[in-house]
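The values are calculated or read from the model by the stated rules, or taken from the named source; none is laboratory data. Given the structure is predicted, the values throughout are model-derived calculations rather than measurements. No Cβ is skipped: glycine too gets one built from the backbone with ideal geometry, and neighbour counts run over all protein chains shown. Heavy atoms of the whole protein, side chains included, go into the accessibility calculation; ligands, DNA and RNA do not. Shrake-Rupley method; radii C 1.70, N 1.55, O 1.52, S 1.80 Å.
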Amino acid sequence: MEKREVYFDNSATTRAFDEVRDIVAETMTVDYGNTSSRHMKGVEAENYIKTAREEIAKTLKVKDKEILFTSGGTESNNLALIGTALAGCGGDSGANGNASSGDNKNQTAATEEGGSQASGDVTTIEVYDVAANYQGMQAGWFGDLVKEKFGLELNIFAPNTSGDAAALYQTRCSSGKLGDIILLDNADYLDCVEAGLVMDITDDIWNYPNLAEYKTQIEAFNAQVGDGSKIWGIPTEMTNTSPETYSQSTPFSAPCLPWDYYKELGCPELKNLDDLLDVLEQMQKAHPTNDAGDKAYAISLWKDWDGFGMENICQTAKWYGQEVNQSVLIGNDNSMMPLIDENGAYYKMLEFFFKANQRGLIDPDSSVQDWTTTDEQKLRAYRKYLLWYNWEMNLAGINLSDEDKAAGKGFVNVPVEDLNIYQVADSYYGSGRVWGIGSGVDDATKEKIMQLFDWMASPEGISYMWDGIAGVNYTIEEGTGRYAQTDDSVAYVAGKKNLPDEWGGGLYNDGKCQLNQYIVSNMAVNPNNNEPYSMSYWSTNLEKPKDQRYVDWTEKYGTDTQTEYFEENGLLKTVANVNVVLESDTTDIALIRSQCGKEITNASWKMVFAADQAEFDALWENLKETLTGIGWDDLVKFDMEKYQKVIDARKAAK
């Protein structure tokens, strides 16, 4: 009689399905990267986690950020028990709750999961910060400053560096304690208010005079939260200019070329993107390397900023009057169209980069390098000849000598006749994120945090965060209050000189503010001297002799600033700044969005590096067909309805 094994211990260990065995083998031998790493192996490994989370969420009909992976049943049970216990201690201070912001006074000791920790007069608090690129204790001169002024130590939790941002978010939300200080995108912040994770600060905020200076902006955001009667958060990067003013001297995104090489070619007029490619090709042929002999390319891209689509293309799409907002393009004429419309700017810029690669103008490292590599090894080394962000021009000049600048070296915006730049005004109402206080914070810690927030909105705090240390990075002129850079300012920021001993010594950047997001923009006007906080616009800098490239610019184009020329010649149109809380995705839409975003991003990179026009066209047609099959039309309909709120708000601002 044949014996048959019957296995009764499946609750402890279960035989894996063949499909599970195969995928595990693949992740161990092919896609084995560290999900916390930003190289391609790491990104591919992280995609397994994201895909699994999205599919489980759709099956359970929940949001993907509500799915959390653990090492096993024991950890899952502990997480559930600890989360339930902590949530019970946290009270209910949600948008619809009746608990006051000071009801919970029990949380004084720190745990690994969350909580503020008092030590003498110093309280260690946890900062959940979606903008931060650093995780850990705020150290150095800025950490010492905050500790001395407010008795706070900042322990920063940065989803960007965690390897699995969704898991970190969900773990901390499940514990009932996201952070003592919370910085989130608008939509997520609204969810946390509804979940009772955010403190109502209505009764406190207007007692703080510097925050009260931004009452209009703060109230405008909070009118969209709950019933609109309470203050739950403080928008980021507010200004005191106006929602229709663009104050910077250069467009945020526009073609930027090395002026010395452009002048060498005779400053040819550019009618369209084909002319721009011609100039870039001539530059690369004339200067195939930088002065050190390192290979240079007209264009060098990077991949680690990609989200919904290829980020380098999303930003350059603004050159032709449209901003990418997920599946739709919003025009500076308040129009909307699907991202993959062939009349749209995304497709136009895809063609531009494809044509550039056909001419051999794109750095072959583009598909594997990250932003840090592009910045430090290409941009600052004069090894790329087309930029688009205005702040890239400053980075490109860090290593230029005075002799270089006198010779006209450095980047400037160069006009192309058919440009129609989409330019958002100063972030008067905020930049789309929110600062707040966790609902479990005790009264004493809340007061310290509110004092910190008020300081962050004060001229002194704004100056520390944007400009550095008075007496070290800049001086303050007696009588006028004007700021002036010190002789060693650049050396400190470039890491070529240590800070004075009274500021802890060491390098400036090692101790700078790691929050990476502020309450007030550097384009706000300092009431003590009526000048922007941005040192580029200090009168003491504007009075200095201009770099030769700017002298040449004014002589050729007849305007003092590049923005002025673009506006006067109809090449740029400013749209009003609004800060609108948009609808969160449903579970189905979230899954469709994730799948479509991956398809568009992957196809875009393939199209840029397509072998020829036939392959480019085939990839585009295949992308459209694939998107249609995974719910693209539903996503576009959802996003058009969602972003209509933005358009309506902009119309109302006029």
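Computed values, structure above
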read-out	value
Spatially near lysine pairs across the stretch 189-326, Cα under 25 Å, sequence gap of 8 or more or different chains	9
Under 14 Å from K405, Cα to Cα: aspartates and glutamates that are on another chain or at least 8 residues apart	D260, D547, D552
Overall Cα dimensions of the stretch 179-327, principal axis frame, Å, largest first	65, 33, 30
Residue-normalised accessible area of the stretch 336-406, expressed per residue, 1.4 Å probe, Å²	39
Peptide ranges 467-473, 641-647 listed from the most packed, as the mean C-beta count within 10 angstrom indicates	467-473, 641-647
Share of carbon and sulfur in the accessible heavy-atom surface of the stretch 321-402 [1.4 Å probe, %]	38
Spherically averaged projected area of the stretch 351-481 from its Cα convex hull (nm²)	15.0
37 °C / 0.692 mPa s Stokes-Einstein diffusion coefficient of the stretch 426-508, Kirkwood radius on C-alpha pairs, µm²/s	212
